[in-house]
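Peer 1: What follows is a structure written as structure tokens; I'll ask about it next.
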Amino acid sequence: MLRSVLTLVCLTLLSTTVRAKGDSWPDVMKSAGEARRAGAYQQAKELLTGALVLSKEFDKADFRRTETKVRLAGLLLELGAYARCEQLCNESIDALKEKEDTEHQLQIARAEGILTGLYLELGMADLADEHCTRGLTICKSLGKKADEDVAQFLALERRIWNLNSNEGNSGSGWRSLQILEKSYGKSDPRLIVALEALAGDCYSDWHPEYARRAGLIAEAAYGKHHPIYGRCLSTFATALRHTRYYEKSELVSNLAIKVLSQSLGPDHPQLSAAYRNLASVERERGHSDRAEAHYRKSIQLRFSTLTDAELCHFLDQFIESSKYSSFASFFSSDDNVSDVFLTEMTRRGGGVIQQFLVKKLETWRRRYLQVGRELENHEVDSQDESDFPENVAKQSKIRSRRERYARNLQFATALCRIQQKPDPLHIFIDGPNERTYKFPELPDLAVTIRNVDTEKREIGFTESGNYRSGRQRRWRIEVTDAAGKVLEPAPNTQTGPLIGGGWVNLTTLKPAEGWQTTLAMSRFVDTLEPGEYQVRVLYHNDLTILEWEFVDGLIVCRSDPIKLTVKRRAIETTKEQQLEVETLLKQLDDQQICRVIVGRYGEWAHEFINPKSEYGRLLTLGWPAVPTLIEELEREGQTPRRRAHLLAFLFSITGEIDPRETSALGNYSMLEQGWSLTFKREGSDSPNFSSGFTAGPSKHSAALDATAQTPLIKQWQHLKSNLQVTQSN
């Protein structure tokens, strides 16, 4: 600490002396480097700005002019001055592009590296990859002289992979670390860039130990008050969050916020990741309101140093880039880039942003119509069958371009919200606004998403698809309890063996046109306890939002809420039925394999389970058999095999507390009723598309684990409290 303070005092005196005496360019650059290493970023910025003025005395082709710009750009990236950073890098690259000597080429590569880091900070993996590829190509061509720079680019490649696996290289982080350790040992601060990259992975295989090692190196090299140390803490917290060490992530996030706030200011973009981590911690604790507040703040901080015009500029770069599609950053673990930009634009509002969106919508409308005419002309001109392969390829490219420009929903929605107009697409839940169901039943919601745009625009819309075992994953059902807590969606478990994406088709909805489907609520949310709830349906045109942790940063379509009341289930049973259950259980052969029905037992399952057998007769009784089955499950002295059968019966009758996810059943066979989905244009007599799944019986082998039955028994004991049983003679 004392060392850092003395360094800062000396640097302050030195910078004053430099400006007073008009020291030379090398002296100012040296002082700027020392200030940066000491964490005095603002002072380093002043010195480098002064050096930039001094460098104007040199010839335009002089290496020192571009070196000053690149050094200043790198510092501005750390300070979050993204627009000026980008400008300086582009100026340097333009000035040096005709130079072929090693020093100038290396300077171009370093400018490309800074641009790579800039676009990574903004979440733009594809743009980052373009600049990373250019810079890495240059460095590799320079041989040993650029080894350290090659290592830096390899680390950037890994960071691109971490953000979005469509680009980047998962193994480049290791090569980066090997190069740096060979050159500088195992404790040099130059290793930090590689260690931070290795801490993350786009498939959630995160490694906190690398981030922790980076933090220890930063602490030893710079002290506990340096921005680099704060950044390492934030990376460590992110890795802890992804590995579900939520309490540790919270502690480290708060420490990162303290260090970064003191060194860079309370509104610096580098604080964004720490608040994102705190959001996950609060979500895990069930504090949805606090989680959403932290998440919204993380978005705001991410763009805190950008003016409205700069915000529009970077979004425009992103969506106009050659690799952009509305599915960009689909694999990102946290957010979708364009949606997060638009969420911040919606929060800010204002004339600059509004004008940008108006212009963008009009530009894309014109392009959509132009490409549509191209497609029509191509179809007329492509009658020659000899050119069939070429015609098909060309037609595919034209269709892809038309689809791109049809995807205007997110821009139109953001603009409408800024203008305080209704969203262009609205979801209508067909039927009454108040509904009552018996525990544990949940409704099937027939929904219509309709174009209600007040500007009468044609809106791009993605039909159907994106389901796994019946879960239409671009939809989400948001449930809020009586205390105002937003409940978590059902976990991403499969209700059948089919795993797949699904057929999709981009179309458009003209004004007042609608599109209809049905959402089985039980596939979207866990069983609801008896009580009162508000239910709202959400939809995203491109992303499968069902499993997303936060939707606050996404541009989603919404329905108005409906009220759902879940009452305790009334079971009316007779003595005769209870005696029948007891008799059937006594006759049941515990040694036979357990049989599981997924769905409501009926004629469709009679070949799998004979309705006249003990199994079939118990399943036919249905809910009246449940109280006795639970009592038998609770009874002391039951064998594990018998409890396995009881658990199978209870799940098959009620659909609750699935024992298949554990080893509580041992060996079992299963038959699933399957599912079906239909989609159609509003007013159409027949579906535009339908899909379904059925399968024959399947066998599953596992060693029966009696200890796995205990938590399931406790769950059934709790479920029993939601049943109201009456018995008549």
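Peer 1: In the range 36-134, what is the volume of the convex hull around the alpha carbon atoms, normalised per residue and reported in Å³?
Peer 2: In the range 36-134, the Cα hull volume divided by residue count equals 93 Å³.
Peer 1: Between Ser298, Ala482, Thr517, whose Cα lies farthest towards the positive end of the dipole of the chain when Lys and Arg beta carbons carry +1 and Asp and Glu beta carbons carry -1, centred on the Cα centre?
Peer 2: Working it through, the farthest residue towards the positive pole turns out to be Ser298.
Peer 1: If you consider only alpha-carbon coordinates, what radius of gyration and Dmax does the range 669-729 have, in Å?
Peer 2: 20.8, 54
Peer 1: May I pose another question? For the pairs Lys60/Lys140; Lys69/Lys360; Lys394/Lys510, flag any whose C-alpha to C-alpha distance is greater than 30 Å.
Peer 2: Lys69/Lys360
Peer 1: Okay, moving on. Explain nothing, just the number: dipole magnitude of the chain about its Cα centre with +1 on each Lys and Arg Cβ and -1 on each Asp and Glu Cβ, in debye rounded to the nearest 20.
Peer 2: About 1300 debye.
Peer 1: So, one more: Which value at 222 nm does the chain reach when only helices count, each DSSP H run of 4 or more adding -39,500 (n - 2.57), with the total divided by all residues and rounded to the nearest 500 deg cm²/dmol?
Peer 2: -17000 deg cm²/dmol
Peer 1: Do you know the relative contact order of the range 119-225, to the nearest whole percent, from alpha carbon pairs under 8 angstrom that are 6+ apart?
Peer 2: 21 percent
Peer 1: OK, next. If you take every DSSP beta bridge whose two residues both sit in the chain, what share of them, in percent to the nearest 5, is antiparallel?
Peer 2: Around 75 percent antiparallel, to the nearest 5.
Peer 1: Oh, and also: For the chain, what's the radius of gyration and Dmax over Cα atoms, in angstrom?
Peer 2: Considering the chain through its Cα atoms, Rg and Dmax are 31.0, 106 Å.
Peer 1: State the extension gain, in nm to one decimal, for the chain segment bounded by Ser261 and Asp59, taking 0.36 nm per residue of separation less the distance between their alpha-carbons.
Peer 2: 68.7 nm
Peer 1: I need the Debye-formula profile for the range 603-704: one equal scatterer per C-alpha, no solvent, reported as log10 I(q)/I(0) at q = 0.11 1/Å, two decimals.
Peer 2: Calculated log10 I(q)/I(0) at the listed q: -0.46.
Peer 1: Quick one: plug the Kirkwood hydrodynamic radius of the range 168-281 (C-alpha pairs) into Stokes-Einstein at 10 °C, 1.306 mPa s, and report D in µm²/s.
Peer 2: Translational D for this selection: 113 µm²/s.
Peer 1: Is the shape of the range 337-418 best called rounded, prolate or oblate, per the rule: a/c under 1.5 gives rounded, else a/b larger than b/c gives prolate, else oblate, with a ≥ b ≥ c the square roots of the Cα gyration tensor eigenvalues?
Peer 2: Prolate, since a/c reaches 1.5 and a/b exceeds b/c.
Peer 1: Same structure, new question: Hey, what did the chain get for relative contact order, percent, Cα under 8 Å, at least 6 apart?
Peer 2: 8 percent
Peer 1: OK, next. At most 16 other Cβ atoms within 10 Å and a DSSP loop assignment: could you name the GluC sites (Glu not before Pro) in the range 20-63 that fit?
Peer 2: Sites meeting the loop and neighbour criteria: Glu57.
Peer 1: Which lysines does Lys575 reach when only Cα atoms under 20 Å apart count, and residues fewer than 8 places away in its own chain are ignored?
Peer 2: Leaving aside lysines fewer than 8 places away in the same chain, those within reach of Lys575 are Lys586, Lys720.
Peer 1: Please list, in chain and number order, the residues 5+ apart from Leu425 or on another chain whose amide H is under 5 Å from its amide H, with Hs placed from the backbone.
Peer 2: So Leu425 has HN proximity to Val452.
Peer 1: Relative to the present Cα-Cα distance, how much length would full extension add between Arg558 and Asp316 at 0.36 nm per residue of separation?
Peer 2: The Arg558-Asp316 span can extend by a further 84.5 nm.
Peer 1: List the relative contact order of the range 425-566 as a percent without decimals, with contacts defined as Cα pairs under 8 Å and 6+ residues apart.
Peer 2: Computed value for the range 425-566: 38 percent relative contact order.
Peer 1: Test of understanding: what is the full-extension gain from Asn729 to Lys140, defined as 0.36 nm times their sequence separation minus their Cα-Cα distance?
Peer 2: Length difference between fully extended and current span is 203.3 nm.
Peer 1: Let me ask you something else. Over 19 Å between Cα atoms: which of Lys438/Lys680; Lys485/Lys563; Lys421/Lys456; Lys186/Lys258 fall into that group?
Peer 2: As for pairs spanning more than 19 Å Cα to Cα, those are Lys438/Lys680; Lys186/Lys258.
Peer 1: Take every Cα-Cα distance within the range 74-117, group them into 10 Å bins from 0 onward, and report for each bin the whole-number percent of pairs it holds.
Peer 2: Over the range 74-117, the share of Cα pairs per 10 Å bin runs 32, 51, 17, 1 percent.
Peer 1: Can I ask one more? Which of the listed residues, Asn164, Thr628, Cys89, is farthest toward the dipole's positive end in the chain, when Lys, Arg count +1 and Asp, Glu count -1 at the beta-carbon?
Peer 2: Highest projection toward the positive end goes to Cys89.
Peer 1: Another question, if that's okay. Would you mind checking the tilt of helix 227-242 against the longest principal axis of the Cα atoms of the chain, expressed as 0 to 90 degrees and rounded to 10?
Peer 2: It is inclined by approximately 20 degrees.
Peer 1: Compute the helix-to-body angle for 351-381: its Cα long axis versus the longest principal axis of the chain, expressed 0 to 90° and rounded to tens.
Peer 2: In the chain, helix 351-381 runs at an angle near 70 degrees to the longest axis.
Peer 1: I want the local charge near Asp453. Using Cβ-Cβ distances under 14 Å, sum +1 for each Lys or Arg and -1 for each Asp or Glu among the other residues.
Peer 2: Surrounding charge for Asp453 is +3.
Peer 1: So what does the Cα-only Debye profile of the range 425-566 read at q = 0.11 Å⁻¹, as log10 I(q)/I(0), no solvent term?
Peer 2: Computed log10 I(q)/I(0) values: -0.41.
Peer 1: For the chain, find the longest principal axis of its Cα atoms and tell me its angle to the long axis of helix 2-21, 0 to 90°, nearest 10.
Peer 2: 40 degrees
Peer 1: Could you give the spread of the C-alpha atoms of the range 413-452 along their three principal axes, from largest to smallest, in whole angstroms?
Peer 2: 42, 16, 14
Peer 1: Taking the Cβ of each residue in Lys69, Lys421, Lys297 as the centre, tally the other Cβ atoms inside 10 Å and list the residues starting with the fewest.
Peer 2: Ascending number of Cβ neighbours within 10 Å: Lys421, Lys297, Lys69.
Peer 1: Can you compute the label reach from Gln419? Point 7 Å from Cα along the Cβ direction, backbone N cut-off under 16 Å, restricted to the range 437-465.
Peer 2: 451-460
Peer 1: Say R0 is 35 Å: what FRET efficiency, to the nearest 0.05, do Asp205 and Arg681 get from their beta-carbon distance?
Peer 2: 0.25
Peer 1: OK, next. How big, in percent, is the set of alpha carbon pairs in the range 515-591 lying more than 21 Å apart?
Peer 2: Percent of Cα pairs beyond 21 Å in the range 515-591: 56.
Since every read-out is calculated from the coordinates, none of them should be taken as a lab result. As the structure is a prediction and not an experimental result, all values here were calculated from the model. Neighbour counts run over all protein chains shown; Cβ positions are idealised from the backbone, glycine included.
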